[in-house]
Amino acid sequence: MLKFVSLLLALSCCQGLQHNNIDDYVEAEPVFQASKYGSLWPLPQKVQISEVSFKLTSASFRIVDAKASSAGPSCSLLQSAYRRYYEYMFGSAKKQWGSKNNRRSDPSDLTELQVWITSPDSECDGYPSVTSDESYELTVNQPVAVLKAPKVWGALHGLETFSQLVFEDEYGAKSINATIINDFPRFQHRGILLDSSRHFLPIKVILSNLETMAMNKINVFHWHIVDEQSFPYLSRTFPQLSEQGAYHPYTHVYTPADVKMVIEFARLRGIRVVPEFDTPGHTQSWGKGQKDLLTPCYSGSKPSGSFGPVNPILNTTYDFMAKFFTEISTVFPDGYIHLGGDEVDFTCWKSNPDIQKFMEQQHFGEDYSKLESFYIQKLLDIVASTKKGYLVWQEVFDNGVKLKADTLIHVWKGNQEQYHNEMASVTASGYQTLLSTPWYLNRISYGQDWQGFYKADPQDFKGTDEQKKLVIGGEACLWGEYVDATNLTPRLWPRASAVAERLWSAKNVTDIDDAFNRLSLHRCRMVERGIPAEPLFSSYCPREYKGV
Amino acid sequence: MSVVTSGRYTFLNYNLVFFIFLQLGLHSVEGVWPLPQSITSSPERYPLNPQAFYFTYGSQSAAQEGCSVLDEAFKRYFSLIFPDYSSGYGFLRFSVDKPFTVQVSVGRNDCDSYPDEDSSEQYTLSVSAGQAYLKAETVWGALRGLETFSQLVYQEDFGSYYVNKTEIEDFPRFQFRGILLDTSRHYLPVQAILKTLDAMAFSKFNVFHWHIVDDPSFPYQSRTFPDLSAKGAFHPMTHIYTQLDVRRVISYARMRGIRVLPEFDSPGHTQSWGKGQSDLLTPCYSGSSPSGTFGPVNPILPSTYKFMATLFKEVSSVFPDSYIHLGGDEVNFSCWKSNPDVQAFMLKMGFGADFTKLEAYYMENIVNITAALNRTSIVWQDVFDYHERIPKDTVLHIWKGVPASYEAELRAITKAGYRVLLAAPWYINHISYGQDWRNYYTVQPLNFSGTEEQKKLVIGGEVCMWGEYVDATNLTPRLWPRASAAAERLWSDEKQTSDVDKAFPRLKDFRCELLRRGIQAEPLFVGHCKHEYQGV
């Protein structure tokens, strides 16, 4: 058992939900008890924690490369991670000024964490991908702790786990128990979608959330960068898109340098950046800077002055898309691009006489989903020629668009039964799939809704083992209608942490009480690291949020 | 050009107004939130130069330089009006140095007092070339007028500041416009409370209801009973409010014309009290032996009332407000029922098996204690619902139910002749997806059948932010601008502000103004602010 400091977090046991005028609102009272897994989140696949504990002091403790490691001092990804985790554990160097050299290291101290990258190619200078090896093994024992990982990506996760094992004893000394951990993710794709179109998100907010994603072993930042409302992406090829389509052409745009910074910041934390450029719907803002891209809607026999989805019948549309996605494929190093394809409203297409004529020529009849198919297929060919894989929202599959076998289908619609059916039919058709439906975190409600997120499982649908293997993971979505920099972080965390554990830990990790106990501590840790993660229930953190 | 005048209702066609503003590149004067009772403005506008802008006291003003409340307010509002200037940015120098003076006159020198239940907040504001005259009976009214003036000033794209020719007469519809923060379920650092007081002043709220202790923790450090927080706080050093903290909150609030109303809720909601005060809570029984758990305050012991008298004596000396909130809600009778001594007491008093009588007995004693301290008691509606004999000057606080039930409660309480405060429709801790501010905005606090006299007994309303799921990490974006919707309902004329769609663009602008002032107010819907929130 862990010697857990009772001070670390105390939950009040009180009677009933106070002052609650929703009469039928009944909820089990959470009562905090220390978990035998301490504050580990997400729970590793295999954990053995012994009662023996060691002390760590900021003066003597070091994180170093193991001699046999294939990544050395030149691997800046690891070196900067060492410093980051040292600061998480001991505070910044400035804070410890004066507390140095007060004691010599004791035989019961743990003085070193050796990080050993075992594969000849550490991938230190590469980008994480959907097939990256994220596994690691961590042994905490005297005289040194050893973190072994085939690649740097696993080492990053192992460092996070190590930092989560460190706790303060009743005298405030940092301690760690002898521990053996063997860990790897259940799913390859563990993502968070942020929407920077409905509201512009300053770079600082994005970076701080990448930081928090790493604390939760989330490895994909799905950047829903543009949409109807604004086009903040500053394109080198088509600068007028953001000049005309952003909320403001200077203060509300992402410059190439901003985008580069986000991608590198993410890479250093083992996070992929998957950009989404959603078409043919959700494109009002594109039209402002790119003439003739959108379909002119008609009212009777005259253009009404408003515009609909991307105009699928013009060659210029495809010329534009080819140039545009060539740029995107070089700016974003990830192997995948999200192409959207959701919620295409056909009324404007229907109203346009040129489109009607085209429908006739193509023998599409009155079936506008065929026109959508026509567009998507041409777009997929364009993107495929840039050597990228792609993700699309489920409608593209639902509408019967002919897809390449390696297309990823992103499921987002319906109730539980409907998304189970959708997952079953997508995988029965042999496509890989990704689940978001139960994890629309922008939808808030009163109480502990994280429990619902925690209980959803992406493989809980009827299907063969082969089908289940086609589920590569899931994504928590934080759509931006009601979210901007003011409320994004507390709305996302620790609710997204619930999704993070579902996607990382073993399928049988479902004990909601144990999860509550670990998550309460994990959220206090995030708060201590400067992240305003909101509370789960009445309680306190030893160090409350100071950023008010 | 008259845009909105009270009473006669001379709205111009809004499209036309919008068109004119576009043409002249003018700022909409309806941007004042909450909407003043009467506002007339013209397109004539005057540039303001931060280097030639002055607040002064009128020669006839009862308060003059040295008036702490106004001296401080002048400094504060200068920075709010000219954020670029005070944050060290460059600003455009005007070629002509035309000075602009805001002359403030008050009828009474109440600079060193505290705002109270019958403080006047009325003011008139007249903005003309080079001058603005702000007149009020009290410094509290002057503070409201300064807030309004600061919202009239706008900055053009080129950086220059302007104010339009404007005439305003203004006063609050309700005297009590409060916000409840709960510092027991989660501890709120003093900084978070002060920030909330800032934002409250921007929306003209005037009461901070400090639900300071409850079941989960007792963060108030009592001079007389230090064990209460030493044992009942989440942490005896880091999660408490020292006397100095409390004084700081009260003085910060006073500077902004805000009353601090403390709540020490009993006999229920007191688990944390029991940790530092033995024998205060009722021992619960399981069969014939004590179960080891405790229930509400023990109402049968004289020591209880002695303790309460001492505690409330301290509270009334620490908190200057004439009101004290005594709670009295949600008392669970099962523990009392289980205790043989309580049963014997019931018998002795002739209460039969009616435990509401025991609760009434307890509350009556507590109310008498505060009455002896010359304080008005506020209690939650539960106390009224038990049909108790309570002093007539007690204020009842409605917190339960949907409109039909709180309207019935309003009717019943006012009919019995008690003053009443409405919180039920403004439980803002209850979040849901979408624009729920619209529900807070469309509340009609006087929409119950009753005489004019009855309606006058509704002293105001309160926005409650209970703390089960709220701490410093999410308090501000959850509170603002949703609470601002209630602020307009409580300040402004209901007829002029009945259209929620017309409120939308104004509230949108106001929330951007809050961002500009460093308040982390969340968005109403898609869109952007010129100056986005720069924190994380």
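Please treat every number below as a calculation from the coordinates, not as lab data. Worth saying up front: this structure is predicted, and the values here are computed from it rather than measured. Here the Cβ positions follow ideal geometry from the backbone for every residue, glycine too, while neighbour counts run over all protein chains shown.
Before moving on, here are some points about what is shown:
- Integer Hz, Karplus 6.51/-1.76/1.60 couplings in order for segment A:365-376, x for Gly and Pro: x, 9, 8, 6, 5, 5, 5, 4, 4, 4, 5, 4
- Amide H within-cut-off set for residue A:193, under 5 Å, with H built and near neighbours excluded: A:222, A:476, A:477, A:478
- Amide H partners (placed H, <5 Å) of residue B:378, local residues excluded: B:324, B:325, B:326, B:395
- Restricting the calculation to Cα atoms, segment A:256-404 yields a radius of gyration followed by a Dmax of 16.5, 56 Å.
- Working note: Cα gyration tensor of segment B:203-245, eigenvalues times five, square-rooted, sorted largest first, giving semi-axes of 22, 11, 9 Å.
- Residue order, fewest to most surrounding Cβ atoms within 10 angstrom, among A:186, A:198: A:186, A:198
- Within segment A:384-425, the proportion of Cα pairs with more than 17 Å between them is 33 percent.
- Three-way shape call for segment A:161-218 based on the alpha-carbon gyration tensor, with the a/c threshold at 1.5: oblate
- Debye log10 I(q)/I(0) for segment B:55-177, one point scatterer per Cα, at q = 0.21, 0.23 Å⁻¹: -1.24, -1.40
- Phi-derived couplings, Karplus 6.51 cos²θ - 1.76 cosθ + 1.60 at θ = phi - 60°, listed residue by residue for segment A:392-408: 9, 5, 4, 4, 4, 5, 4, 7, x, 5, 6, 10, 6, 4, 8, 5, 9 Hz, with x used for Gly and Pro.
- By other beta-carbon atoms within 10 Å, ranking B:186, B:528 with the fewest at the front produces B:528, B:186.
- Simple spin-label estimate for residue B:530 and residue A:457 in nanometres, 7 Å along Cα-Cβ: 5.5
- Considering segment B:176-522 at the alpha-carbon level, its Rg and Dmax are found to be 20.4, 65 Å.
- Gap separating the Cα centres of segment A:360-395 and segment B:372-419, nearest whole Å: 65
- Using only the C-alpha atoms, the convex hull of chain A corresponds to 170 Å³ per residue.
- Each helix, a run of at least 4 DSSP H residues, gives -39500 (n - 2.57); summed and divided by the residues of the protein assembly as shown, these come to -10000 deg cm²/dmol at 222 nm.
- Dipole magnitude for chain B: about 340 debye, using +1 per Lys or Arg Cβ and -1 per Asp or Glu Cβ, origin at the Cα centre.
- Anchor residue B:98: lysines whose Cα lies under 29 Å away (excluding residues fewer than 8 positions away in-chain): B:75, B:135, B:165, B:530
- Cα gyration tensor category, rounded, prolate or oblate, for segment B:455-536 with a/c compared to 1.5: oblate
- Among A:47, B:163, the ranking by other beta carbons within 10 Å of each residue's beta carbon, starting with the fewest, stands as A:47, B:163.
- Peptide B:182-190 has a mean of 4 when you count, residue by residue, the C-beta atoms of other protein chains within 10 Å of its C-beta.
- Absence of a disulfide-compatible partner, taken as no other cysteine beta carbon within less than 4.7 angstrom, is noted in chain B for B:464.
- For segment B:190-249 and segment A:34-55, distance of Cα centres in Å: 36
- Cβ-based charge dipole, chain B, positive-most Cα from B:188, B:200, B:151: B:151
- Positive-pole candidate from B:358, B:404, B:246, dipole of segment B:176-522, charges at beta carbon: B:246
- Charge tally around residue A:458: other residues with Cβ under 14 Å, Lys/Arg +1 each, Asp/Glu -1 each, net +3.
- Cut-off under 5 Å, modelled amide H: who pairs with residue B:132 long-range: B:101, B:102, B:103
- For residue B:400, the aspartates and glutamates whose Cα comes closer than 12 Å to its Cα, not counting residues fewer than 8 places off in the same chain, are A:23, B:329, B:330, B:382, B:385, B:409.
- Integer Hz, Karplus 6.51/-1.76/1.60 couplings in order for segment B:492-503, x for Gly and Pro: 8, 6, 5, 5, 6, 10, 7, 9, 5, 5, 6, 6
- Positive-pole candidate from B:49, B:178, B:296, dipole of chain B, charges at beta carbon: B:49
- Relative to the Cα centre, the charge distribution of the protein assembly as shown, modelled as +1 at Lys and Arg Cβ and -1 at Asp and Glu Cβ, gives a dipole magnitude of about 1880 debye.
- Net charge of the neighbourhood of residue A:542, taken over other residues with C-beta under 14 Å away and scored Lys/Arg +1, Asp/Glu -1, is 0.
- Dipole check for chain A: with +1 at the C-beta of Lys and Arg, -1 at the C-beta of Asp and Glu, and the Cα centre as origin, the magnitude is about 1680 Debye.
- Dimensions of the protein assembly as shown based on its C-alpha atoms, expressed as ranges along the principal axes with the largest first, amount to 84, 77, 59 Å.
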